Structures are given as C-alpha cells and as structure tokens.
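Chemist: Submitted below is the structure of interest, expressed as structure tokens.
The values are calculated or read from the model by the stated rules, or taken from the named source; none is laboratory data. Just so we're clear, the structure is a prediction, and the values are computed from it rather than from any experiment. Cβ sites come from the backbone with ideal geometry, for glycine too, and all protein chains shown count toward neighbours. The area values use the complete protein model at the heavy-atom level, side chains included, leaving out ligands, DNA and RNA. Shrake-Rupley method; radii C 1.70, N 1.55, O 1.52, S 1.80 Å.
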Amino acid sequence: MKIWIDLTNSPHINFFKPFVKKWKGEGNEVIITTRNLANTIDLIQQNGWEYTEIGGHAGKSKLKKLLYFPRRVFLLYRFLRKHKPNIGVTQSSFYAPIAGKLAGIPTIYMNDNEHAKGNLLAFKYASLNIIPEFLKKVASLNQWDRKFKMEYYPGIKEGIYLSQSQLDDYKKEKKGKHNNIFIRLEPWTAQYYKGKNDFMDELIIQLKNSYSITILPRGSEQAKHYQTEKFKGVCVANKPIPLEDIFAKCSFFIGAGGSMTRELAYLGIPTLSVYQDELLEVDKFLIENKYMFFSASPSIEEVTNILKVNKLTSNKELYQMGNKAFEMINKKILEYAKN
C-alpha cells in the first residue's frame, strides 16, 4: 500500500513520525511531498526520510499566495498521477485535498486551527476531515458538520504523536532550578498571524541576566535579529533542536503560539503562552484546564511568579486521549486506503 503525506510546515514532521514508523513497519510505502518553509526540510532530513520538494512559501502577500496556490496544486496533481498512491493524508495542507480530488486519490485532512482560511477549500475536497472534539461547537456554528464529511478525535493534536513517544524516559539535565528557559518566537510569515513582532525583546533582555536563554527561531530572519549585540549572551539555535533535547534541558518554556508551545505543555514542562493574536480553541482548552499559563504582555515579575507557584494539571488524561486519537486516525486512514 502506498500512503502519501504532504508536509507543509515544521510541526507536521513530529505529528507524522509515529505514523510513518508504524506504516513502514507494516510493509507500506510512504511517499512524502513537502515545501521549503521554516525548518520543515531540515526536520525531514533529520529523520532520514526520502521526500520530493514541491514549491516554497509565498510569504504574507495575498496576491502572491493567490498565484502560488494553483501552481502548487497542479504540481502535486502531476506528482500524484505519476506515483499513484492509495491514500493521501495531511495535517493542515490546503493543497493536498484538491490535488488528491483532481488525481482521483482519496485524502484525509486534519487541522486544529479554526481560523485557517484554507480550511473551507480543504474540507470541501477531502474525502474525510478529522478535527479535535473541542471544535465541535465551532463546527456546528459554521455548519461544517452539515456541509462536509467530519469526524472528531479526543484531546489535542500534540497528544496524538507524543502519546506514542518515549519522551517520559528522558532524564531532566537541569543545572539549576528553573535556569534553562527556551523561547519559541512568533510566526512572522504565517497567513493566520496578525499579532505583533519582536514584542518579547525587552523581556528577553531582562531574562538573560538571570537565566540561560535559548531562542528557537522560525527562520533565518528571526535568527539574525537575535544574534545582534543587544542580545549578547542569548543562545540562538542555528538549526532545529530535537524535541527530546529541549524536553531534557528545559526548565521553563515561553511560546508565542504554535505546536511546540503545546508540546511542552503536554509534556508537563511549565509553559507560558504569549500568543498575540486571537487565541485558538486548542489554547483556550489548555489554559482553562490548567495545562498551560497565558499572558499577552509578559513581564519578568510574572515569569518569576509562575516559576515559584507552578500549579499545573497532570497530563495523564491528555496522554490517554492522545493514545485513543492515534488509534482512531490510523484506523480511518487504512480503511480509506483499502476502499
């Protein structure tokens, strides 16, 4: 059986890692397409996966995105006609369901971002859409469940793949209490992000005097910004750091949105979300259930206070939901591939 995955952003690699391992272990062929965005290709290469690069990133320009979209769909369609997979599956690629439909390939589309504008196109052309249970209300209000083929999984997207990992076996390598702070920056080029850029600069300058700071940039532009003289003493990762290495060394995590913030929260690391745009339902779910802290205007006093108090909910229930979701999604993919 040939299973096609379209990977269009960095977080998708971790998401599909346990699926790829399982499918290959069962004798299936996994075909990967991707585009050159953020750390996506670096992470694919870290895993030793074979891939075909199709398209880059159009940036934030609406006109460029409009022109780029049909071109990448056509290139994917041409690729699919040649390789003829049994099933296509993706997390957040708006291109894959359309290309799959044109090529006569069934596709399963997943997304946990209710604000992503490409959702409606993807929902329409996918053979099946699978989204988190906490989006049932949003789906009902927008009549997604009436217009499209929808199913729901329990918990959060990050729990699906982290429940299959062995990260809990990693020992913490703390050199001092709450000394190592990792910071994941805001998505400057993302279509959905309309928040502020560089808003953490003053906080980072203050924190570096008392803590060991590691910046996790989303691209070369961000890396250059934090390698200037005023951020002297701050470590800027020049290549993607594996999640297990971050988990082993991180005492406190600050994230301006995105999967990595939720990954560390899921793993039980004290995590502060500082997302500047409208909060997604997934983040509201984590904050309301005390799996993660939130502040839109973080101060050094607030960070210090969180480190002292640090009252968070156990992630045991998130793990159980993630494991159940993994089994459900895997079953659906194999069912659609065979039919």
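Chemist: Just the ratio, please: alpha-carbon radius of gyration of segment 1-114 over 2.2 N^0.38 Å, N its number of residues.
Modeler: Numbers: Rg = 13.5 Å, N = 114, 2.2 N^0.38 = 13.3 Å.
Ratio of Cα Rg to 2.2 N^0.38 Å: 1.01.
Chemist: May I have the pair-distance distribution P(r) for the chain, computed from all Cα-Cα distances with 10 Å bins from 0 and rounded to whole percent?
Modeler: Final binned percentages: 5, 25, 35, 24, 9, 1.
Chemist: With each pseudo-label sitting 7 Å past Cα toward Cβ, what's the Lys311-Ala116 distance in nm, one decimal?
Modeler: Calculated label separation equals 3.6 nm.
Chemist: Going 7 Å from the Cα of Glu278 along its beta-carbon direction, which residues of segment 106-138 have the amide nitrogen within less than 12 Å of the resulting point?
Modeler: Counting only backbone N, you get 114-117.
Chemist: About its Cα centre, how strong a charge dipole does the chain have in debye, to the nearest 20, once Lys and Arg get +1 and Asp and Glu get -1 at the Cβ? Show your work: numbers first, answer last.
Modeler: Details: 50 positive and 34 negative charges, 187 e Å.
With Lys and Arg at +1 and Asp and Glu at -1, about 900 debye.
Chemist: Sticking with this one: Per residue, how many Å² of accessible area does the chain show with a 1.4 Å probe?
Modeler: 47 Å²
Chemist: Could you pull out the pairs from Lys157/Lys224; Lys311/Lys332; Lys82/Lys331 whose alpha carbons sit more than 29 Å apart here?
Modeler: Lys157/Lys224; Lys311/Lys332
Chemist: Can you list residues whose amide H is under 5 Å from Gly257's amide H, if they're 5+ apart or on another chain and H is modeled 1.01 Å from N?
Modeler: HN-HN under 5 Å from Gly257: Val274, Tyr275.
Chemist: Another question about this same structure. What are the semi-axes of the equivalent ellipsoid of segment 65-112, taken as the square roots of 5 times the eigenvalues of the Cα gyration tensor, listed largest first and rounded to whole Å?
Modeler: Details: eigenvalues 52, 46, 9 Å².
With the √(5λ) rule applied to segment 65-112, the semi-axes are 16, 15, 7 Å.
Chemist: Give me the percent of accessible area attributable to carbon and sulfur for segment 200-306, probe 1.4 angstrom.
Modeler: C and S fraction of accessible area: 47 percent.
Chemist: Over the chain, with a Gaussian network built from C-alpha contacts below 10 Å, which listed residue (Gln320, Gln206, Gln166) shows the highest mean-square fluctuation?
Modeler: The residue with the greatest mean-square fluctuation here is Gln166.
Chemist: With springs only between Cα atoms under 10 Å, which of Arg78, Arg146, Arg35 fluctuates most in a Gaussian network model of the chain?
Modeler: Largest GNM mean-square fluctuation: Arg146.
Chemist: Right, here's the next one. With all protein chains present, how much of the accessible area of segment 1-121 (probe radius 1.4 Å) comes from carbon and sulfur, to the nearest whole percent?
Modeler: It is 53 percent, rounded to a whole number.
Chemist: Can you tell me the dipole magnitude for segment 189-339 around its Cα centre, using point charges on the Cβ only (Lys, Arg +1; Asp, Glu -1), in Debye to the nearest 20?
Modeler: Result for segment 189-339 is approximately 320 debye, rounded to the nearest 20.
Chemist: Which one of Ile205, Tyr226, Asn111 has its Cα pushed farthest toward the positive end of the charge dipole of the chain, where Lys and Arg give +1 and Asp and Glu give -1 at the Cβ?
Modeler: Checked the options; the winner is Asn111.
Chemist: Between Val138 and Leu102, what's the calculated FRET efficiency when r is the beta-carbon distance and R0 is 35 Å? Round to 0.05. Working shown, then result.
Modeler: On the way: r = 28 Å, r/R0 = 0.81.
Efficiency at R0 = 35 Å is approximately 0.80.
Chemist: Restricting the calculation to Cα positions, tell me the Rg (one decimal) and the Dmax (whole number) of segment 198-339 in Å.
Modeler: Considering segment 198-339 through its Cα atoms, Rg and Dmax are 17.4, 59 Å.
Chemist: Okay, next question. Pull up all non-local amide H partners of Glu151: gap of 5 or more, or a different chain, and H-to-H distance under 5 Å with H placed in the peptide plane.
Modeler: Asn129, Ile130, Ile131
Chemist: Further, regarding this structure: Compute the FRET efficiency between Lys147 and Gln206 as 1/(1 + (r/R0)^6), taking r as their Cβ-Cβ distance and R0 = 35 Å, and round to the nearest 0.05.
Modeler: Result of the calculation: an efficiency of 0.10.
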